[in-house]
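Novice: Structure below; questions to follow.
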Amino acid sequence: MTEATRRIPVRTAYRTCPLCEATCGLEITVDADDQIVRIRGDQDDVFSKGFICPKGSTLKQLHEDPDRLRRPLVKRGGRHVEVSWDEAWQVVRDGLASVIDAHGRSALAVYMGNPGAHNLASMTFNRAVNLALGSFNRFSASTVDQMPKHVAGGFMFGTGITIPVPDIDHTDYLLMFGANPHASNGSLCTAPDFPGRMRAIQERGGKIVVVDPRRTKTADASDEWLPIIPGTDVVFVAALINELFATGAADVGAHVRSHVVGVDELKSAVAPFTPEVAAELCGIDAATCRRIAAELAAAPTAAVYGRIGVNTVEFGTATAWLIDALNTITGNLDKRGGAMFTLPAAGPVTSVGGKPGGSGFTIGKGHTRVRQYPEVFGEYPVAALGEEILTPGVGQIRALISLAGNPVLSTPNSEQLDKALDDLEFMVSVDIYLNETSRHADVVLPPPSQLQRDHYDISLLRLAVRNVANYSPAVLPMEDGQWDEWEILAKLAGILQTLDTSVSVGDVDDLAVAEMLGGLVKNSSSNIFGRDVDEILGQLAAEGLRGPTRILDIMLQTGPYGAAYGSNPSGVSVRALLDAPHGIDFGALEPRIPEILRTPSAKVELCPPLFAENLSKVLARVKKNSDDKLLLVGRRHLKSNNSWMHNMKVLTKGSLSCTLQVHPDDAVRLGLSHGSPARVTSRVGSLVAPVEVTDAIRTGVVSLPHGWGHNVRGTKLSVAAEKPGVNSNILTDDERIDELSGNAVLNAIPVTVQSL
Ligand SMILES: Nc1nc2c(c(=O)[nH]1)N[C@H]1C(S)=C(S)[C@@H](COP(=O)(O)OP(=O)(O)OC[C@H]3O[C@@H](n4cnc5c(=O)[nH]c(N)nc54)[C@H](O)[C@@H]3O)O[C@H]1N2
Ligand SMILES: Nc1nc2c(c(=O)[nH]1)N[C@H]1C(S)=C(S)[C@@H](COP(=O)(O)OP(=O)(O)OC[C@H]3O[C@@H](n4cnc5c(=O)[nH]c(N)nc54)[C@H](O)[C@@H]3O)O[C@H]1N2
Ligand code: SF4
Ligand SMILES: [Mo]
């Protein structure tokens with residue numbers, strides 16, 4: 001009997017895939033023993049319409065992975081052993097208490113990893129942990145990722161989460177920098193089946209141009225590929241803007257004209273960046289630069305979009321700013337087919353009413369101890385985490401709480417961080433695996449699998465190319481004695497706060513809800529202004545809601561489409577979404593200026609002085625690369641997911657591999673041959689990787705994917721260890737950051753490559 005005939009599906013569950021930002025709907029069939037029979041794309045999902053990538057169906061293998069942790073681990077005599085939850089919580093309490101006693105709370109730190117952004121529990125309860133920490137030492141994957149977008153959005157539009165998304169479903173011209181949605185499925189632009197949406201642009205007669213040092217699958221699927229020299233996009237985008245001013249084509253458009261300030265300042269700021277200067281530094285000739293500028297100006301609608309390859313560079317914030325400035329001066333900001341703002345169902349402050357204007361965005365509410373890096377968006381650059389742990393003195397970090405993070409593989413100068421984690425007095429990891437990072441933890445607290453929890457993509461639906469909402473309850477029940485992730489986070493917060501293990505998870509939950517509702521009923525722009533908190537709590541209790549789903553219900557009901565606890569009976573709520581298992585589509589993006597603006601001026605700030613000052617340093621710093629160095633860039637593969645899906649055999653078999661891509665000309669020059677090992681060396685580290693000779697990369701540039709290097713001791717990743725790959729972040733430099741955002745520089749790393 002085959003597996004399929006033995007397992008008879010008895011129920012079908014619909015669920016959003018939590019693995020990447022595309023939020024694909026899944027159709028999951030389950031048998032009578034709660035075993036997954038099959039996972040495929042949900043044809044009726046209002047957003048993804050059946051699209052799925054090879055990772056989506058592996059939620060089954062992830063759930064069944066014998067290496068995935070089911071019980072807490074405590075390190076004894078250098079080895080991790082399974083213990084009861086009571087025992088684990090006691091070790092957590094004692095470890096934290098001893099560090100606080102000896103060094104005070106400034107010795108505590110937290111790191112929050114990427115899967116938290118896809119996790120309803122983290123989105124609603126990480127905050128409690130942060131608040132209970134009592135220290136400013138907050139770090140996250142945001143500073144190896146999108147922090148430049150928060151800072152650019154913050155200064156231009158007023159809040160760190162006011163980030164325009166390219167309206168790819170309606171645009172006539174898509175200009176993409178440093179993004180490879182054919183592998184990543186899109187980022188800060190939630191769009192299931194991004195490749196299909198790209199094809200649709202071409203089918204309706206539009207054009208796609210990709211700027212990337214590598215000829216990616218996305219570049220191949222586009223109309224034009226511009227192989228730029230890594231790290232120089234800021235110059236190219238500035239030159240496009242300069243050219244539009246020089247030719248008189250710059251025009252913000254009547255629809256936003258009275259809401260935009262700083263046009264003349266922008267014009268002066270980009271004045272030194274002529275197409276000739278760009279040609280010299282970026283490797284894209286001046287005629288091409290002029291032509292692209294003219295095409296942008298002539299297109300009925302155009303959207304310029306930039307992601308990882310232009311965020312994780314030295315001038316990441318300046319580039320992010322100039323990309324949206326370019327959208328603005330081509331008349332495409334807040335226009336259908338241009339760069340638009342989502343109006344999410346469970347939204348941030350800008351989606352619950354209120355007038356334009358506000359206190360704006362600031363940075364520097366604190367500084368790191370060793371290098372005095374400013375706080376940005378409530379956190380410090382993770383590039384500084386290693387030195388903050390290793391440098392003695394008052395305020396030295398001595399204990400770390402890692403929430404869904406694997407910084408040993410994800411952050412710059414990994415060998416330093418690996419050493420630093422070893423040096424801690426106490427560490428807790430909330431993680432589903434014993435991996436390169438959690439192996440350092442004294443206690444590992446495992447949440448249930450991705451299928452055993454309620455799901456709603458709070459953060460990603462805020463950046464979607466349509467206004468949609470999709471909620472799914474847990475597909476599979478928890479096993480006996482398992483703790484839900486929100487319960488782990490609430491308990492951790494409670495222990496951090498009180499240093500007492502008897503603290504109740506329910507109390508932490510109730511407190512968070514009371515605070516939230518208390519604020520909303522006093523807020524005159526809320527749809528529950530003036531209402532009685534107890535009456536609303538009664539409605540929530542009647543629905544049987546608690547934990548993250550109760551907080552989500554409050555966000556939905558008080559959001560722009562919300563039911564407002566009875567005032568708008570046809571409005572959205574968790575109940576309404578339970579009745580719509582394929583999601584609710586609120587339609588295409590609509591213009592939101594000026595209502596969305598929260599800058600002190602209540603205008604779009606096209607040229608914030610801080611950014612102009614940063615731009616003035618570019619020409620002194622972005623130099624022609626010397627000939628003896630190559631520039632290292634990263635890449636992603638469709639079947640990989642940062643550092644943590646390499647234990648799925650179905651994904652790692654076949655073509656997925658961690659190679660050093662080298663152009664044939666460079667291979668000849670350096671005596672490298674396909675398949676043979678090469679030594680790659682940067683200022684901070686050195687490693688050996690197998691060479692892949694390919695003409696799909698610019699000369700002078702080499703590429704390694706990140707998230708590999710699973711050959712360290714003390715982990716439990718049996719499949720990943722068979723094909724470990726190398727950790728590219730051994731080469732990235734912790735001392736190089738984008739000074740405006742604190743974001744790490746992960747691309748355009750100067751390296752030497754030698755054949756072995
Ligand atoms: N060189 C280079 N480095 C990079 C990048 C790059 O392009 N180049 N990209 C950067 C980017 S964009 C990012 S987002 C970061 C990612 O950096 P991180 O967030 O630090 O790393 P991840 O690989 O996402 O690992 C996440 C961890 O969460 C665990 N996990 C998975 N699901 C869950 C869950 O549901 N709950 C809990 N508690 N744990 C879970 C995994 O086991 C893993 O340990 O890497 C960055 N690093
Ligand atoms: N399959 C898969 N999907 C993922 C992930 C994954 O690991 N695997 N990770 C998820 C996460 S956390 C994120 S943040 C997103 C990221 O999503 P994307 O931003 O699309 O990331 P990448 O696919 O790494 O594409 C970045 C591109 O930038 C190019 N690049 C490097 N340096 C430069 C430069 O200086 N200039 C220019 N113009 N280009 C440059 C690289 O060659 C690469 O093709 O993907 C998400 N989706
Ligand atoms: S594209 Fe992303 S969301 Fe869609 S199935 Fe693949 S991993 Fe899941
Ligand atoms: Mo990311």
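Novice: Residues 243, 280, 295: which one is crowded, with 18+ Cβ neighbours inside 10 Å, among the acidic types (Asp, Glu) and away from ligand 3 (no atom under 16 Å from the Cβ)?
Specialist: The unique qualifying residue is 243.
Novice: Looking at 745, 701, which is the one that is out of contact with any Gly (no Cβ under 9 Å at 6 or more places or on another chain), touching a residue at least 40 places away in the same chain (Cβ under 8 Å) and within 12 Å of ligand 2 (Cβ to nearest atom)?
Specialist: Criteria check complete, one pass: 701.
Novice: Another question about this same structure. How many of the residues making up the stretch 380-428 are under 18 Å from residue 98 (Cβ atoms) and small (Gly, Ala, Ser)?
Specialist: Adding up the residues that qualify gives 2.
Novice: If I ask for residues that are in a helix (DSSP H, G or I) and surrounded by 12 or more Cβ atoms within 10 Å (Cβ to Cβ), which ones from the stretch 516-532 would you list?
Specialist: Correct list: 516, 517, 520, 521.
Every residue, every condition in (1) in contact with an Asp or Glu (Cβ under 8 Å, 6 or more places away or on another chain); (2) crowded, with 24+ Cβ neighbours inside 10 Å; (3) closer than 24 Å to residue 263 by Cβ, yes or no:
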site	(1), (2), (3)
325	no, yes, yes
329	yes, yes, yes
345	no, yes, no
349	no, no, no
360	no, no, yes
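Novice: Could you list, in sequence order, all residues of the stretch 78-89 that are modelled with pLDDT of 95 or more and either surrounded by fewer than 21 Cβ atoms within 10 Å (Cβ to Cβ) or within 16 Å of ligand 4 (Cβ to nearest atom) (or both)?
Specialist: 79, 81, 82, 83, 84, 85, 86, 87
Novice: Of all residues in the stretch 152-185, which are more than 27 Å from residue 605 (Cβ to Cβ) and not hydrophobic (A, V, I, L, M, F, W, C)?
Specialist: Hits for the stretch 152-185 are 169, 172, 180, 181, 182, 184, 185.
Novice: When you scan the stretch 216-227, how many residues do you find that are within 16 Å of ligand 1 (Cβ to nearest atom) and either in a loop (DSSP other than H, G, I, E, B) or over 20 Å from residue 661 (Cα atoms) (or both)?
Specialist: Looking only at that region, the number is 1.
Novice: Moving on to the next point. Just to check your reading of the model, which residue among 23, 29, 58 is surrounded by 16 or more Cβ atoms within 10 Å (Cβ to Cβ), at pLDDT 95 or above, hydroxyl-bearing (Ser, Thr, Tyr) and within 16 Å of ligand 4 (Cβ to nearest atom)?
Specialist: Residue meeting the stated conditions: 23.
Novice: Looking only at the stretch 32-55, how many residues end up being more than 12 Å from ligand 3 (Cβ to nearest atom), among the polar types (S, T, N, Q) and crowded, with 18+ Cβ neighbours inside 10 Å?
Specialist: The number of residues fulfilling the criteria is 0.
Okay, residues lined up against (1) within 16 Å of ligand 1 (Cβ to nearest atom); (2) under 20 Å from residue 190 (Cα atoms); (3) without any contact (Cβ under 8 Å) to a residue 12 or more places away in the chain; (4) touching a Lys or Arg at 6+ places or on another chain (Cβ under 8 Å):
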site: 28; (1), (2), (3), (4): no, no, no, yes
site: 36; (1), (2), (3), (4): no, no, no, yes
site: 44; (1), (2), (3), (4): no, yes, no, no
site: 52; (1), (2), (3), (4): no, yes, no, yes
site: 64; (1), (2), (3), (4): yes, no, no, no
site: 67; (1), (2), (3), (4): yes, no, no, yes
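Novice: Out of the stretch 277-335, which residues are of a type outside the set (A, V, I, L, M), within 16 Å of ligand 1 (Cβ to nearest atom), in a helix (DSSP H, G or I) and more than 25 Å from residue 603 (Cα to Cα)?
Specialist: Passing the criteria: only 309.
Novice: Hey, can you tell me all the residues within the stretch 189-215 that are within 16 Å of ligand 3 (Cβ to nearest atom) and either crowded, with 21+ Cβ neighbours inside 10 Å or in a loop (DSSP other than H, G, I, E, B) (or both)?
Specialist: Of everything in the stretch 189-215, those that are within 16 Å of ligand 3 (Cβ to nearest atom) and either crowded, with 21+ Cβ neighbours inside 10 Å or in a loop (DSSP other than H, G, I, E, B) (or both) turn out to be 189, 190, 191, 192, 193, 194, 198.
Novice: Identify, by number, the condition in (1) under 24 Å from residue 219 (Cβ atoms); (2) touching a residue at least 60 places away in the same chain (Cβ under 8 Å); (3) assigned to a loop (DSSP other than H, G, I, E, B); (4) not charged (D, E, K, R) that residue 644 doesn't meet.
Specialist: So residue 644 meets the others, but not (1).
Novice: Would you point out which residue out of 64, 82 is away from ligand 3 (no atom under 16 Å from the Cβ), closer than 30 Å to residue 580 by Cβ and out of contact with any Asp or Glu (no Cβ under 6 Å at 6 or more places or on another chain)?
Specialist: Step by step, each of 64, 82 is checked, and only 64 is away from ligand 3 (no atom under 16 Å from the Cβ), closer than 30 Å to residue 580 by Cβ and out of contact with any Asp or Glu (no Cβ under 6 Å at 6 or more places or on another chain).
Novice: What single numbered condition from (1) in a strand (DSSP E or B); (2) farther than 24 Å from residue 489 by Cα; (3) within 12 Å of ligand 1 (Cβ to nearest atom); (4) not acidic (Asp, Glu) fails to hold for residue 412?
Specialist: Here residue 412 meets the rest and fails (1).
Novice: Listed residues 623, 603; which is at pLDDT below 95 and either within 16 Å of ligand 2 (Cβ to nearest atom) or closer than 29 Å to residue 311 by Cβ (or both)?
Specialist: 623
Novice: Inside the stretch 117-138, can you point out the residues that are among the hydrophobic types (A, V, I, L, M, F, W, C) and closer than 20 Å to residue 373 by Cα?
Specialist: Residue satisfying the conditions is 136 alone.
Novice: Being surrounded by fewer than 21 Cβ atoms within 10 Å (Cβ to Cβ) and away from ligand 3 (no atom under 16 Å from the Cβ): is that true of residue 149 here?
Specialist: No.
Novice: Go through the stretch 186-204 and count every residue that is over 18 Å from residue 300 (Cα atoms) and either at pLDDT below 95 or of a type in the set (A, V, I, L, M, F, W, C) (or both).
Specialist: 4
Novice: While we're on this one: Give the stretch 630-646 a look and list any residue that's buried (at least 24 other Cβ atoms within 10 Å of the Cβ), near ligand 2 (Cβ under 7 Å from one of its atoms) and among the small types (Gly, Ala, Ser), or say none.
Specialist: 640, the sole residue that qualifies.
Novice: Can you tell me how many residues within the stretch 351-385 are in contact with a Ser or Thr (Cβ under 6 Å, 6 or more places away or on another chain) and assigned to a helix (DSSP H, G or I)?
Specialist: 2
Novice: Go through the residues of the stretch 568-584 one by one and say whether even a single one is of a type in the set (Val, Ile, Thr) and under 30 Å from residue 156 (Cα atoms).
Specialist: Among the residues of the stretch 568-584, not one is of a type in the set (Val, Ile, Thr) and under 30 Å from residue 156 (Cα atoms), which makes the answer no.
Novice: Could you tell me which numbered condition residue 321 fails, if it satisfies all but one of (1) farther than 20 Å from residue 168 by Cβ; (2) in contact with a Lys or Arg (Cβ under 7 Å, 6 or more places away or on another chain)?
Specialist: For residue 321, the exception is condition (2).
Novice: Can you pull out the residues in the stretch 587-626 that are without any contact (Cβ under 8 Å) to a residue 12 or more places away in the chain and acidic (Asp, Glu)?
Specialist: 613
Novice: Restricting the stretch 105-152 to residues that are among the hydroxyl-bearing types (Ser, Thr, Tyr) and farther than 18 Å from residue 411 by Cβ, which is nearest to ligand 4 (Cβ to nearest atom)?
Specialist: Restricting to residues being among the hydroxyl-bearing types (Ser, Thr, Tyr) and farther than 18 Å from residue 411 by Cβ, the top hit is 122.
Novice: Moving on. Tell me the residue from 397, 401 that is of a type outside the set (Asp, Glu), crowded, with 24+ Cβ neighbours inside 10 Å, touching a Ser or Thr at 6+ places or on another chain (Cβ under 9 Å) and part of a loop (DSSP other than H, G, I, E, B), please.
Specialist: 397
Novice: Could you list, in sequence order, the residues of the stretch 684-733 that are assigned to a loop (DSSP other than H, G, I, E, B), surrounded by fewer than 20 Cβ atoms within 10 Å (Cβ to Cβ) and of a type in the set (A, V, I, L, M)?
Specialist: Selection gives 684, 696, 712.
The values are calculated or read from the model by the stated rules, or taken from the named source; none is laboratory data. Everything quoted here is computed from the prediction, not taken from an experiment. Reconstructed Cβ throughout: ideal geometry from the backbone, glycine too, with neighbour counts over all protein chains shown.
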